[in-house]
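Since the structure comes first, as structure tokens, the remarks are kept for the end.
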């Protein structure tokens with residue numbers, strides 16, 4: 001079976017397929033080039049929103065039960081725009097969050113057969129080929145990828161962390177394709193994934209993103225514990241090899257340095273990356289009590305950071321923790337809405353693990369996603385979230401094939417029939 005044959009997704013929407021295949025390759029330039037005043041990134045986002053609107057129109061504005069999980073969070077983001085001090089960013093990033101929900105929802109509309117599901121998985125995997133080819137240039141010409149943290153791969157992305165999290169989705173997708181019985185007949189794809197997952201793993205190591213390393217470790221650990229015990233041995237061997245790499249040792253040793261809060265006077269350099277994050281979080285949580293129910297408005301964190309962060313930054317300091325950010329910006333109701341989304345998805349994925357053990361790979365990825373929100377600005381990583389939520393939507397949509405149709409909730413005046 002040809003890996004590169006014309007997929008059914010092309011017949012469904014050639015433009016959507018094209019965007020899925022090329023968007024990661026254009027991440028670093030998406031905001032720099034414009035068409036009629038709109039950046040490439042904005043044009044792509046607009047198309048995804050149009051896709052969502054088209055689906056809603058076809059369903060007469062009734063939505064899939066799983067899509068309802070997104071509504072409380074999106075609703076609170078939008079109404080908080082009434083009092084946010086950063087309205088422009090609030091509007092833009094609220095719409096970005098809607099595209100995440102759209103990417104989660106699209107597979108439910110497209111995937112009607114297992115073949116449709118396989119095509120979606122292929123699109124995710126193929127989208128990573130060009131970004132990874134970019135790393136060859138970085139290896140040959142390392143100067144552009146070297147800073148005070150040393151050499152860090154970022155592929156076609158604007159930052160190593162964004163590249164690392166995108167690669168996490170690819171790693172889990174390849175691992176899933178190799179192990180899932182749904183891909184038994186996809187011999188070419190599985191052989192490709194067996195090679196590609198190794199390359200992806202090396203690239204994740206090269207990004208020097210410690211949280212991404214931890215999530216890869218966690219995914220393999222869960223798979224070893226719940227599915228194939230021999231992977232625990234593979235994990236131990238791979239970990240020892242990774243720990244023998246000097247650059248890996250340096251990144252881990254960095255966490256033991258710069259923990260003296262009293263030394264944090266003039267800049268970030270006085271503390272390691274985790275320690276100065278704790279300084280920001282502590283200040284934000286103190287100010288949170290001034291607006292605990294609905295928060296200060298979406299995307300207000302950086303504006304108010306001048307009030308509680310020791311270092312005066314022109315544009316303000318980012319939260320580097322989604323939970324702290326949403327608690328600050330959307331209040332207790334916002335964090336409850338976010339937890340509702342996360343735990344609804346996690347519960348569904350856990351039910352799928354009980355049906356098929358290989359689903360522990362995707363469950364592990366999702367738990368890793370939840371953990372990653374503790375230390376990074378994950379909601380700002382557009383490409384990663386697109387492909388992550390598209391994968392999660394596809395996995396859940398596939399589980400519903402040949403079963404009773406998903407209940408659909410009306411947000412119009414007519415019931416779905």
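Regarding residue 87, is this residue at pLDDT 90 or above and out of contact with any strand residue (DSSP E or B) (no Cβ under 6 Å at 6 or more places or on another chain)?
Judged against the criteria, residue 87 is a match.
With respect to the numbered conditions (1) in contact (Cβ under 8 Å) with a residue 24 or more places away in the chain; (2) in a helix (DSSP H, G or I), which one is the sole condition not fulfilled by residue 339?
Of (1) in contact (Cβ under 8 Å) with a residue 24 or more places away in the chain; (2) in a helix (DSSP H, G or I), only one is false for residue 339: (1).
Only one residue in 243, 225, 168 is under 19 Å from residue 367 (Cα atoms), in contact with a helix residue (DSSP H, G or I) (Cβ under 9 Å, 6 or more places away or on another chain), surrounded by fewer than 17 Cβ atoms within 10 Å (Cβ to Cβ) and at pLDDT 90 or above. Which one?
225
Would you check if there is a residue in region 306-317 being surrounded by 16 or more Cβ atoms within 10 Å (Cβ to Cβ) and free of Cβ contacts under 8 Å to residues at least 24 places away in the same chain?
yes
For residue 295, which of the numbered conditions (1) crowded, with 21+ Cβ neighbours inside 10 Å; (2) more than 18 Å from the chain's Cα centre (by Cα); (3) at pLDDT below 95 fails to hold?
Evaluating residue 295 over (1) crowded, with 21+ Cβ neighbours inside 10 Å; (2) more than 18 Å from the chain's Cα centre (by Cα); (3) at pLDDT below 95 leaves (3) as the failure.
Condition check: within 20 Å of the chain's Cα centre (by Cα), outside any loop (DSSP other than H, G, I, E, B) and modelled with pLDDT of 85 or more. Does residue 328 satisfy that?
no
Given the conditions (1) touching a helix residue (DSSP H, G or I) at 6+ places or on another chain (Cβ under 7 Å); (2) under 21 Å from residue 18 (Cα atoms), which single one is not true for residue 201?
(2)
Take residue 206 and tell me if it is under 25 Å from residue 320 (Cα atoms) and assigned to a helix (DSSP H, G or I).
Considered against the rule, which asks whether it is under 25 Å from residue 320 (Cα atoms) and assigned to a helix (DSSP H, G or I), residue 206 comes out as yes.
Filter region 12-31 down to the residues that are in a loop (DSSP other than H, G, I, E, B) and within 23 Å of residue 167 (Cα to Cα), then identify the one that is modelled with the lowest pLDDT.
First, the residues of region 12-31 that are in a loop (DSSP other than H, G, I, E, B): 13, 27-31.
Now restrict to residues that are within 23 Å of residue 167 (Cα to Cα): 27-31.
Details: 27: 85, 28: 78, 29: 79, 30: 70, 31: 64.
Among them, the one singled out is 31.
Kindly establish whether residue 220 is under 19 Å from residue 374 (Cα atoms), within 23 Å of the chain's Cα centre (by Cα), in a helix (DSSP H, G or I) and at pLDDT 95 or above.
Spelling it out, it is not the case that residue 220 is under 19 Å from residue 374 (Cα atoms), within 23 Å of the chain's Cα centre (by Cα), in a helix (DSSP H, G or I) and at pLDDT 95 or above.
Of the conditions (1) over 18 Å from the mean Cα position of the chain (by Cα); (2) surrounded by fewer than 20 Cβ atoms within 10 Å (Cβ to Cβ); (3) farther than 28 Å from residue 354 by Cα, residue 210 fails just one. Which one is it?
Unmet condition: (1).
If we keep just the residues of region 359-393 that are part of a loop (DSSP other than H, G, I, E, B) and in contact (Cβ under 8 Å) with a residue 60 or more places away in the chain, which is surrounded by the fewest Cβ atoms within 10 Å (Cβ to Cβ)?
Step one: list which residues in region 359-393 are part of a loop (DSSP other than H, G, I, E, B), which gives 373-377, 381.
Among the residues that remain, those that are also in contact (Cβ under 8 Å) with a residue 60 or more places away in the chain are: 375-376, 381.
Numbers: 375: 17, 376: 23, 381: 22.
Only one residue fits best here, namely 375.
Of the numbered conditions (1) modelled with pLDDT of 95 or more; (2) over 18 Å from the mean Cα position of the chain (by Cα), residue 396 satisfies every one except a single condition; which is it?
The number of the failed condition is (2).
Need the failing condition index for residue 91 against (1) surrounded by 15 or more Cβ atoms within 10 Å (Cβ to Cβ); (2) more than 30 Å from residue 303 (Cα to Cα), just the number.
Residue 91 satisfies every listed condition except (2).
Does region 77-90 contain at least one residue that is in a loop (DSSP other than H, G, I, E, B) and under 19 Å from residue 176 (Cβ atoms)?
no
Working only within region 51-74, note down all residues that are within 21 Å of the chain's Cα centre (by Cα) and in contact (Cβ under 8 Å) with a residue 24 or more places away in the chain.
Correct list: 51, 52, 66, 67, 68, 69, 70, 72, 73, 74.
If I go through region 134-163 residue by residue, how many of them are more than 21 Å from residue 382 (Cβ to Cβ), in contact with a helix residue (DSSP H, G or I) (Cβ under 9 Å, 6 or more places away or on another chain) and either modelled with pLDDT of 85 or more or assigned to a strand (DSSP E or B) (or both)?
5
Would you point out which residue out of 190, 230, 210 is touching a helix residue (DSSP H, G or I) at 6+ places or on another chain (Cβ under 8 Å) and without any contact (Cβ under 8 Å) to a residue 12 or more places away in the chain?
230
The values are calculated or read from the model by the stated rules, or taken from the named source; none is laboratory data. Everything numeric in this text was worked out from a predicted model, so none of it was measured. Methodologically, a virtual Cβ is constructed for each residue, glycine included, from the backbone with ideal geometry; neighbour enumeration extends over all protein chains shown.
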